[in-house]
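What follows draws every value from the coordinates through simple rules; no lab data is involved. Since we're looking at a predicted model, the values are computed, not measured. Positions of Cβ are backbone-derived with ideal geometry, glycine not excepted, and every protein chain shown enters the neighbour counts.
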Amino acid sequence: MRLENQRKLLLILVLLVAVVALWYVKQNREGRIIIGKPPVAPAEGADREETDVLDGGETQNRDAAGEEVAGEEAAAGSGLDPENWDLESSRDFFVEYRLQRDRVRASEIEMLERMIENPNISPEGKKKAEAQLLALTAAMEEELLVENMLKAQGYKEAIIFKKDGQASVVVQAVKLNEEQFLQIAETVSNATGVRMENIAVLEHGGIPDKE
C-alpha cells in the first residue's frame, strides 16, 4: 500500500511539473509579441532631436523654425491614435492611417532639412542630421517593402509604422491566430531588423467596405 501511494504521489508531481513547463513555454511564446496601439509620435520629438545636434551655446540660438516644425510634427503625430478616428470602413482606416503617417514623415524630413541648411549648426551637428535623414529614408523604404510582403501573404491591407527601434503593424483581418501573429512579426523583424519583442501586431477588421 505504501509503495502504491508513493507511485501516486510521484505521478502527481510529474504532472504538476509538466503543467508548469507548458505554462512557462506558452508565456515565453506570447511574450515575443506586443499587442497594442500603434505608437504616437512624441509631442516633443522634433524639439528634442534638434537640441541633440546643436553644440553648447548654439542650443540657445536656434531659430524659431525648429519650434514651428516641432509643433507641426506634434499635431500630425497626435492623429496616429486610431481611437480618435470616426471612420466608416476598413478602407477609410488604412487610408487615414497612411495619410497621418506620411504627414509625420514629411514634418520630420522638413525639420532635418532645415537643420542641415541652418548656418548656426556645427558641421558635426549637420552630419548627425544628415545621418538621421538617411535613416528616416531607409525606414520609409522598409515600411513600403513590409507592406507589400504582407499583402503578398494574402492580407488585403497592411500598414507599418517604424520609429526608434520599434514597429507597429496593422493588417486588415477580423481575427488573427497565434501562428499568424508570429508570421507577421517575423516578416517585419526580418525586413526591418526590429527585434520581435519591439513589434506590435494588430488586426483591424472594421465595418465592411461599401461597394
Per the rule of 0.36 nm per residue minus the C-alpha distance, extending Glu124 to Leu145 adds in nm 4.4 nm
Gain in span if fully extended, Ala152 to Asn190, counting 0.36 nm per residue against the direct Cα distance: 12.1 nm
Between Leu99 and Leu136, Cβ-based FRET efficiency (R0 22 Å, step 0.05) works out to 0.80
Extension gain (nm, one decimal) between Glu178 and Gln166, 0.36 nm per residue minus Cα-Cα: 2.3 nm
